[in-house]
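Structure first, then comments.
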Amino acid sequence: MRVLWITNILFPAIAEKMRLPKTVFGGWMYSSAKRLVEANKHLKLAVATVYNGTEFISQELDGVLYFLLPLNGINITKYDKALEKHWKNVVEMFDPQLVHIHGTEYYYGLTFLRTCPDIPVIASMQGIVSRCAEYYLAGLTTSDILKSITLRDLLRGTMWSERRTFEKRGQYEIETISRLKHIIGRTSWDKVHALAINPDINYHFCNETLRDAFYEKTWSYDNCEKHSIFISQAGYPIKGFHQLLKAMPFILKQFPEAKIYVAGTDITRAKDGFVGKLLRTGYGCYVSRLIKKYNLEHSVIFIGSLNEEQMCQQYLRSNVFVCPSAIENSPNSLGEAQILGVPCVVSYVGGSMDMMEGDEKNLYRFEEVEMLAMKICHVFSECREVNLTMQNKARARHNGDVNSARLYQIYKELLQ
């Protein structure tokens, strides 16, 4: 069986081999690929993705054939017809029996569908960007946005421009799903929206396998930093960081030493001087204003981009993990926290509630920052032990062997 994966990120192995920048995102796909190849000796896997370069590259590593398709000056909204000739090269060199597109958020998979319509294709839904566009501003008002426009926004686009980017990507996504006969999902939310776009599509259920480091360790209250909050992403409005900041004054009244640890770049650029502040994003400016408004300068700590092991350790050090997004499908960050046994507080949006079945007391409406504060304070006061029910559910949901076997079964069904 020859299967071609189309991914939106470079896998670590090929990035290191070609001395290309690595990404901290998408590690779960790499873990899934390794398990799939190891468990199925008759499967030959190729992985293709675009990269910011000028040469078409093919390279075999550890039994996997990698294709790097050049997209000089990557543009995620302008359809690049030049990719079509590269897909023809890929098909000629690998001759796939089946193609698996990982994620419908970008047009790269669509270029393959338009170029090679006779090869069986299935796609996995990650986010649903055509729906996310509606929630992108996450409650920010026109006044909030206007007051936060920076020099960088004037040069590269405001939060409204960023929402339009999501909308454009959503148009490609809708065409992609409309062209497909088969799709893989994992939540009631993604199933509903896949069928809303294409009522004739065949929906296949398969959970995701997470990164290897998260399967062996367990959170302990005794070893965590008391009253610490961890959020894994805060780079743009849809992730809801501003809602957590609005909840902090209520939390600090009960727990004045509470702190928020934020993974990723410091979007406020508070330490970059005057020029840095001019070049921060509008959302970074808005977050900075909230931090100042609520006197949170000593309560919010940006800890930078974390690799797999660092991320795992940060979960274990945290008293609670919060996912305050305006919309999600099934956030892998939540799955990682649950596997480790970290207490979680999650907004009731998208497919997140499917992952919180049995722990509904820690769900809240995205808009209700007072409820968010109350849920976090409840965790600080009451949660001393790992919720074994949730941890066991998460470990069953993200069981790598089970998910790999299910994915291989889907491939066989399609080829038959």
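The values are calculated or read from the model by the stated rules, or taken from the named source; none is laboratory data. Here the structure is a predicted model, which means the values were calculated and not measured. Cβ coordinates were reconstructed from backbone atoms using ideal geometry, including for glycine residues, and neighbour counts include every protein chain displayed. We work out accessible area using only protein heavy atoms, side chains counted, and drop any ligands, DNA or RNA first. Shrake-Rupley method; radii C 1.70, N 1.55, O 1.52, S 1.80 Å.
Note: relative contact order over the chain, using C-alpha pairs below 8 Å and six or more positions apart, is 16 percent. Kirkwood analysis of segment 60-197, using all unique Cα-Cα pairs, places the hydrodynamic radius at 17.0 Å. Measuring spread by the Cα atoms of segment 114-165 yields a radius of gyration and Dmax of 17.0, 51 Å.
Given the C-alpha atoms of segment 341-389, compute the convex hull and give its volume per residue in Å³.
Measuring per residue, one finds 64 Å³ for the Cα hull of segment 341-389.
For the chain, the mean projected area of the C-alpha convex hull, equal to one quarter of the hull surface, is 19.6 nm². Electrostatic tally near I251: other residues with Cβ closer than 12 Å to its Cβ, Lys and Arg +1, Asp and Glu -1, net +2. Suppose we keep just the DSSP beta bridges with both residues in the chain; what percent of those would be antiparallel, to 5? Beta bridges within the chain, antiparallel portion: roughly 15 percent.
Shown for segment 203-321: lysine pairs separated by 8 or more places, or found on different chains, whose C-alpha atoms are under 26 Å apart, numbering 29.
Can you pull a Stokes-Einstein diffusion coefficient for segment 1-118 at 10 °C (1.306 mPa s), Rh from Kirkwood over Cα pairs, as a whole number of µm²/s?
Rounded, D is 110 µm²/s.
Measuring between their Cα centroids, segment 1-60 and segment 190-263 lie 26 Å from each other.
What translational D, rounded to a whole number of µm²/s, comes out for segment 150-212 from Stokes-Einstein when the hydrodynamic radius is the Kirkwood one over Cα pairs, at 20 °C and 1.002 mPa s? Don't skip to the end; give the middle numbers.
Values: Rh = 14.0 Å.
The estimated diffusion coefficient comes to 153 µm²/s.
By the rule of a C-alpha distance below 18 Å, with chain neighbours fewer than 8 residues away ignored, the lysines paired with K41 are K412. The value for segment 253-306 of Rg(Cα) / (2.2 N^0.38 Å) is 1.17. Sorting the segments 323-335, 301-313 by their mean number of nearby beta carbons within 10 angstrom, highest to lowest, gives 323-335, 301-313. Estimated from helical segments only, the mean residue ellipticity of the chain at 222 nm is -13000 deg cm²/dmol, where each DSSP H run of four or more residues counts as -39500 (n - 2.57).
How about segment 195-261: which GluC sites (Glu not before Pro) there are in a DSSP loop, with at most 11 other Cβ atoms within 10 Å of their Cβ?
E216, E257
Solvent exposure of segment 67-154, expressed per residue, is 41 Å² of accessible area, with all protein chains present and a 1.4 angstrom probe. In the context of the full set of protein chains, residues of segment 175-235 present 44 Å² of accessible surface per residue (probe radius 1.4 Å, heavy atoms only). What FRET efficiency do you get for K88 and E55 if R0 is 25 Å and r is their Cβ-Cβ distance, rounded to the nearest 0.05? E between K88 and E55, to the nearest 0.05, is 0.95. Our estimate of slack between I303 and R384, defined as 0.36 nm per intervening residue step minus the Cα-Cα distance, is 26.6 nm.
Length available on full extension from T218 to Q313: 0.36 nm per residue minus the Cα-Cα distance, which gives 33.2 nm.
For the pair T77 and I149 in one chain, pulling the backbone fully straight at 0.36 nm per residue adds 23.7 nm over the alpha carbon distance. Using R0 = 25 Å, the C-beta based FRET efficiency linking K226 and A396 works out to 0.25. The C-alpha radius of gyration of segment 148-291, expressed as a fraction of 2.2 N^0.38 Å, stands at 1.40. Out of all Cα-Cα pairs in segment 267-416, roughly what percent, to the nearest whole number, are more than 21 Å apart? The calculated P(r) of segment 267-416 puts 57 percent of pairs beyond 21 Å.
L388 sits with roughly 100 Å² accessible to a 1.4 Å probe, with DNA, RNA and ligands left out of the calculation.
What the pair-distance distribution of segment 222-297 shows, using all Cα-Cα distances binned every 10 Å from zero, is 18, 49, 27, 5, 0 percent. Annotation note: trypsin sites (Lys or Arg not before Pro) in segment 34-100 located in DSSP loop regions with a Cβ neighbour count of at most 13 within 10 Å are K41, K78, K81. What a 1.4 Å probe finds exposed on segment 263-400 is 52% carbon and sulfur by accessible area, rounded to a whole percent. Would you tally the net charge around K22, using a Cβ to Cβ cut-off of less than 13 Å, leaving K22 out, and scoring K and R as +1, D and E as -1? Around K22, the charge tally is 0. At each listed q (0.13, 0.21 Å⁻¹), what is the log10 of I(q)/I(0) that the Debye formula gives for segment 282-364 modelled as equal alpha-carbon point scatterers? So the normalised log intensities are -0.51, -1.10. Over all Cα atoms in segment 206-353, the spread is summed up by Rg and Dmax: 15.4, 49 Å. Rounded to the nearest percent, how much of the accessible area of segment 1-136 (1.4 Å probe, protein heavy atoms only) is carbon and sulfur? For segment 1-136, the apolar C and S fraction of the accessible surface comes to 48 percent.
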